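To start, the structure itself, in structure tokens.
The values are calculated or read from the model by the stated rules, or taken from the named source; none is laboratory data. Please read all numbers here as calculations on a predicted model, not as lab measurements. All Cβ positions, even for glycine, are placed from backbone atoms using ideal geometry, and neighbour counts span all protein chains on display. Calculation scope for accessible area: heavy atoms of the full protein, side chains included, ligands and nucleic acids excluded. Shrake-Rupley method; radii C 1.70, N 1.55, O 1.52, S 1.80 Å.
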Amino acid sequence: MPLFGYGSANAGPAPSTPFAVGVRQYNWTRGTRQVTTFVYYPAVGTPGGNPITNAPVASGVFPICEYTHGSGASPQRALAHIRPLAAAGFIVPAPVFTNASIGDTYNGNLPRDVSEAITRTIALNTGSDPLAGHINTAAVGVSGYSMGGMTTHALLTAYPDSRIKAAVPISCVDMGTPSSMVKANVMFIHGDRDATCPYSSARQAYSELPPTKAFLTFIGADHSGTSWGTTNTVAIRTWLDWMRWSLYGDLAARDRLPADAASSYSRWEFVAGTEVPPARYEAETAPAVCQGTIDSNHSGFSGTGFCNGTNAIGAYSQVTANATAAGTATLAIRFANGAETRPADLIVNGTTVATVSFENTGAWTTWSTRTLTAALNAGSNTVRLAPTTAAGLPNIDFIEVS
Ligand code: GCU
Ligand code: CA
């Protein structure tokens, strides 16, 4: 079975022991709309309790898995869904849509609000917020129940968000035609006697989506969580492993999925996609440009060497990356730094799109990977790292694009 859309930077096991859960409230807005969001996260403390407001963040870097609650509910009343996600090692932004109507899902308000909450959550990673440095901004999942499941599906179709790599719409209806902008692992969860959001509608949505995709049916179950159970362990464990696989690159979690989904009252369907290996662009291989020397004196590099940029402002390392379609790409930059922190601009096709700071990795032979996202054009793109201090760049091994 393939791993869809993830580079080596993400591949690794998800945390195997549960965390305590913290929660912080953010009073975000989008234009005139309130996008008040409770962000749940892995916290320092004893696992198993209720979310603790402003608890210290656990050490580690965690993927984002957004959650949208159902009509008339709230994040607090959806903790049966949210808490397991945060305890498993995900940052869970949960917007408050208590007064929203289903119409706000169809007219795009809720999906766009969710995209805003994702943007704001990503921004926390570089500010002074306690969550700064703890968010894997390249690994974004979305999920939700009922109205929230519809919002989730809308983010893959009518109101697409190309940052999404994984989605779990629960008890949703079909919100439109799949967008080619989104490449995500999508798992539906639905009761086949759902009289509110018809099973047939979710089946239609499932049939239209390209792989990788799965459908977990609860046989004889209706719309409300009471029949298949909001705390249904089959649903929760399958959902968690779907996200562990899709957002951590945890292959053992992928391999557990059929067993997770198995019960006397459930049915599991899975369609694997085609593996999309990340394209690796070595910093030493033309048309790459290294304003410095191509060296090979520090072991552990890939290819034939690495770019040792001149220690000067602007002395850059650049690769030329090809993209089959325009859209957001994940850039994994492999570097080593035996000296001081070295900041740089990320310049894509001549435009500075981000600043990135390369920390000391411990030694010039210790290589580390920094993951960023950037919009690429279809076809050829220049991806340049230009140092902003006289210390120059760290040594650059390669940039992978996926
Ligand atoms: C050392 C190291 C180089 C590195 C340089 C630097 O000379 O051997 O590989 O590029 O420091 O500080 O940039
Ligand atoms: Ca150097």
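So which residues in the range 327-347 are open to solvent by 10 Å² or more (accessible area, probe 1.4 Å) and more than 19 Å from the chain's Cα centre (by Cα)?
Within the range 327-347, Arg334, Gly338, Ala339, Glu340, Thr341, Arg342, Pro343, Asp345, Ile347 qualify.
Of all residues in the range 283-294, count the ones that are assigned to a strand (DSSP E or B) and either at pLDDT below 95 or within 11 Å of ligand 2 (Cβ to nearest atom) (or both).
Step one: list which residues in the range 283-294 are assigned to a strand (DSSP E or B), which gives 289-290, 292-294.
In the following step, the residues that additionally are either at pLDDT below 95 or within 11 Å of ligand 2 (Cβ to nearest atom) (or both) were identified as 290, 292-293.
Residues that pass the stated criteria total 3.
Grab the helices (runs of 4 or more DSSP H) fully contained in the range 147-258, keeping just those with 1 or more residues being acidic (Asp, Glu) and open to solvent by less than 40 Å² (accessible area, probe 1.4 Å).
Details: elements: 147-154, 199-208, 225-228, 233-243.
Because the criterion is at least 1 residues that are acidic (Asp, Glu) and open to solvent by less than 40 Å² (accessible area, probe 1.4 Å), the helices (runs of 4 or more DSSP H) in the range 147-258 that meet it are 233-243.
Touching a Leu at 6+ places or on another chain (Cβ under 7 Å) and of a type outside the set (S, T, N, Q): which single residue out of Pro93, Pro84 fits that description?
When all the criteria are applied, what remains is Pro84.
Counting residues that are open to solvent by 10 Å² or more (accessible area, probe 1.4 Å) and out of contact with any Lys or Arg (no Cβ under 8 Å at 6 or more places or on another chain), which strands (runs of 3 or more DSSP E) fully inside the range 17-90 reach at least 2? It would help to see each step written out before you state the result.
Working: elements: 20-30, 33-43, 62-68.
Here the list reads 20-30, 33-43.
For the range 366-397, how many residues meet the condition of being at pLDDT 95 or above, open to solvent by 30 Å² or more (accessible area, probe 1.4 Å) and not in a strand (DSSP E or B)?
3
Conditions tested, residue by residue: (1) open to solvent by 70 Å² or more (accessible area, probe 1.4 Å); (2) in contact with a Ser or Thr (Cβ under 9 Å, 6 or more places away or on another chain); (3) among the basic types (Lys, Arg).
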position: Gly292; (1), (2), (3): no, yes, no
position: Asp295; (1), (2), (3): no, no, no
position: Gly300; (1), (2), (3): no, yes, no
position: Gly309; (1), (2), (3): no, yes, no
position: Ile313; (1), (2), (3): yes, yes, no
position: Tyr316; (1), (2), (3): no, no, no
position: Val319; (1), (2), (3): no, yes, no
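Evaluate the following for Trp268: is it of a type in the set (A, V, I, L, M, F, W, C), over 25 Å from Thr388 (Cα atoms) and within 19 Å of the chain's Cα centre (by Cα)? First the steps, then the outcome.
Details: of a type in the set (A, V, I, L, M, F, W, C): yes; over 25 Å from Thr388 (Cα atoms): yes; within 19 Å of the chain's Cα centre (by Cα): no.
Against the criterion (of a type in the set (A, V, I, L, M, F, W, C), over 25 Å from Thr388 (Cα atoms) and within 19 Å of the chain's Cα centre (by Cα)), Trp268 does not qualify.
Considering the range 49-87 alone, what residues qualify as being hydrophobic (A, V, I, L, M, F, W, C), within 18 Å of Trp239 (Cβ to Cβ) and within 15 Å of the chain's Cα centre (by Cα)?
Phe62, Ile64, Cys65, Leu85, Ala86
Going by the conditions given, is Thr304 without any contact (Cβ under 8 Å) to a residue 40 or more places away in the chain, in a loop (DSSP other than H, G, I, E, B) and farther than 30 Å from His134 by Cα?
The answer is yes for Thr304.
Results for (1) more than 30 Å from Ile189 (Cβ to Cβ); (2) in contact with a Cys (Cβ under 8 Å, 6 or more places away or on another chain); (3) without any contact (Cβ under 8 Å) to a residue 60 or more places away in the chain, shown as yes or no for each residue.
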site: Tyr281; (1), (2), (3): yes, no, no
site: Thr310; (1), (2), (3): yes, no, no
site: Ala315; (1), (2), (3): yes, no, no
site: Val319; (1), (2), (3): yes, no, no
site: Ala323; (1), (2), (3): yes, no, no
site: Ala329; (1), (2), (3): no, no, no
site: Ala339; (1), (2), (3): yes, no, yes
site: Asp345; (1), (2), (3): yes, no, yes
site: Thr361; (1), (2), (3): yes, no, yes
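Please work out which one of (1) within 23 Å of the chain's Cα centre (by Cα); (2) open to solvent by 60 Å² or more (accessible area, probe 1.4 Å); (3) within 16 Å of ligand 2 (Cβ to nearest atom) is the condition Thr355 fails and give its number.
Every listed condition holds for Thr355 apart from (3).
Only residues that are closer than 19 Å to Arg342 by Cβ and in a loop (DSSP other than H, G, I, E, B): list them for the range 307-324, please.
Thr310, Asn311, Ala312, Ile313, Gly314, Ala315, Tyr316
Among the residues of the range 136-195, how many are under 21 Å from Ala123 (Cα atoms) and charged (D, E, K, R)?
Of the residues in the range 136-195, 3 are under 21 Å from Ala123 (Cα atoms) and charged (D, E, K, R).
Right, Leu110: at pLDDT 95 or above, touching a helix residue (DSSP H, G or I) at 6+ places or on another chain (Cβ under 6 Å) and closer than 19 Å to Val21 by Cβ or not?
Spelling it out, it is not the case that Leu110 is at pLDDT 95 or above, touching a helix residue (DSSP H, G or I) at 6+ places or on another chain (Cβ under 6 Å) and closer than 19 Å to Val21 by Cβ.
Please identify the pairs in which a residue from the range 41-52 that is free of Cβ contacts under 8 Å to residues at least 60 places away in the same chain has its Cβ atom under 7 Å from the Cβ atom of a residue that is among the polar types (S, T, N, Q), counting only partners at least 6 apart or on another chain.
So the pair list comes out empty.
Mind checking which residues of the range 314-338 are touching a strand residue (DSSP E or B) at 6+ places or on another chain (Cβ under 6 Å), within 16 Å of ligand 2 (Cβ to nearest atom) and of a type outside the set (Phe, Trp, Tyr)?
Passing the criteria: Gly314, Ala315, Ser317, Gln318, Ile333, Arg334, Ala336, Asn337.
Based on this model, can you work out whether Asn297 counts as within 16 Å of ligand 2 (Cβ to nearest atom), out of contact with any strand residue (DSSP E or B) (no Cβ under 7 Å at 6 or more places or on another chain) and not basic (Lys, Arg)?
Considered against the rule, which asks whether it is within 16 Å of ligand 2 (Cβ to nearest atom), out of contact with any strand residue (DSSP E or B) (no Cβ under 7 Å at 6 or more places or on another chain) and not basic (Lys, Arg), Asn297 comes out as yes.
Of these, Ala117, Ala123, Ala139, Ala94, which one is modelled with pLDDT of 95 or more and outside any helix (DSSP H, G or I)?
From the options Ala117, Ala123, Ala139, Ala94, the qualifying one is Ala94.
Checking the conditions here, which among Thr341, Thr330 is over 17 Å from Val401 (Cα atoms) and either at pLDDT below 95 or more than 11 Å from ligand 1 (Cβ to nearest atom) (or both)?
Only one candidate passes the filter, namely Thr341.
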